[in-house]
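The values are calculated or read from the model by the stated rules, or taken from the named source; none is laboratory data. Note that the structure is a prediction, hence the values are computed from the model and not measured. Because the Cβ atoms are built from the backbone with ideal geometry, glycine has one as well, and the counts that use them run over all protein chains shown. When the accessible area is computed, the model is the full protein with side chains, heavy atoms only, and any ligands, DNA or RNA have been set aside. Shrake-Rupley method; radii C 1.70, N 1.55, O 1.52, S 1.80 Å.
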Amino acid sequence: MRGLQLSLNQTQKVRLQRALEKLESLSSKANSNASVIVADSIPVNHEDGLLKGHGTTEFNGEVVATVCGVVERVNKLVYVRSLRARYKPEVGDIIVGRVIEVAPKRWRVEINYSHDAVLMLSSMNLPDGIQRRRTALDELNMRSIFEENDVICAEVRGFQHDGLHLQARSQKYGKLGRGQMLTVPPYLVKRRKQHFHNLEQYGIDLILGCNGFIWVGEHVEVTDDMVVDQVNNSEQQSAKSDVKFFSPGEQERSYTPQETRESICRTANAIRVLSTLGFNITVEVIMETVDLSSSLKQQVPIHEMLGSEFCVLVAEKEAARRSLTKKKG
């Protein structure tokens, strides 16, 4: 929440300061045992065969934190997770990235990491949907799948000798279109069981990438019957290739409706506001922020959601929500 770049009047400054202080007090009470700063002692049981991980060291027989963050324990391993750190990939992470190079048998993808990731041609489904060996013809047709500046969704496969590798062997992965890609600090997006969300009431899809790239776009139906779907698409495309013009109905279907575009922009601005305030970004908080912008007596225009008044309202709403949650707990 530090370093907010908002032009606030005196009243808004007081309101925002009060909301942030309330959030800080609630957070400090909830995480008093887990949060540490440099040189803090971490309580551990040395009889269990302790393993010291990142952000810890031993000093005078005690385990001491060397970075500011939250103490995490995995079996016997104790480490400190930094609150403001670069994205560190883990196997199975859902990421959103942008293709920056088409190389032999691979694509290079920018994923907000210190190195570019690699998506091999053999690590994704072919357009025909058939599982087979990749041929020289497939390599020649790589640009028909992804090309430079395409936004894609994939999963972290692991580290190999030539860098970080991705895989996209599912219908839910692949090229993304008709939407916006947003960049937020990676530590605001927590790893969860579900990173793909379909907001049915708005007709949009939301992908929360663990790397801090978030996709908000028009809803796309995903089917498991990949082969049948691809065959039907190929037949439709071959039929359309014989026609050199589009009927008005086809042209209308090829565009995103204005209502959907407005929902995409409103959701994207809600994410920008949450990122500015430093709040954890989850689908529940995003929906509450979107609903807040629509449920006020006078609906907040999309372009005014990034203004100082709405940011203060979101901070006050979040403080009230956390206070109510704590009372129920």
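Brief remarks on what is shown
- Picking from residues in the stretch 88-110 that are part of a loop (DSSP other than H, G, I, E, B) and under 21 Å from the mean Cα position of the chain (by Cα), the one that is surrounded by the most Cβ atoms within 10 Å (Cβ to Cβ) is 89.
- Count - residues of the stretch 78-87 that are open to solvent by 60 Å² or more (accessible area, probe 1.4 Å) and of a type in the set (A, V, I, L, M): 1
- Any hit, the stretch 138-146, residues being basic (Lys, Arg), closer than 15 Å to residue 175 by Cβ, assigned to a strand (DSSP E or B) and at pLDDT 90 or above: no
- Among the residues examined, residue 132 does not qualify as open to solvent by 60 Å² or more (accessible area, probe 1.4 Å) and within 27 Å of residue 90 (Cβ to Cβ).
- For the stretch 285-329, a residue qualifies if it is of a type in the set (Asp, Glu), open to solvent by 50 Å² or more (accessible area, probe 1.4 Å) and either assigned to a loop (DSSP other than H, G, I, E, B) or under 19 Å from residue 26 (Cα atoms) (or both), and exactly one does: 316.
- Residue check: residue 58 meets all listed conditions (1) part of a strand (DSSP E or B); (2) in the same structural domain as residue 43 (by TED's automatic domain parsing); (3) surrounded by 13 or more Cβ atoms within 10 Å (Cβ to Cβ) but one, namely (3).
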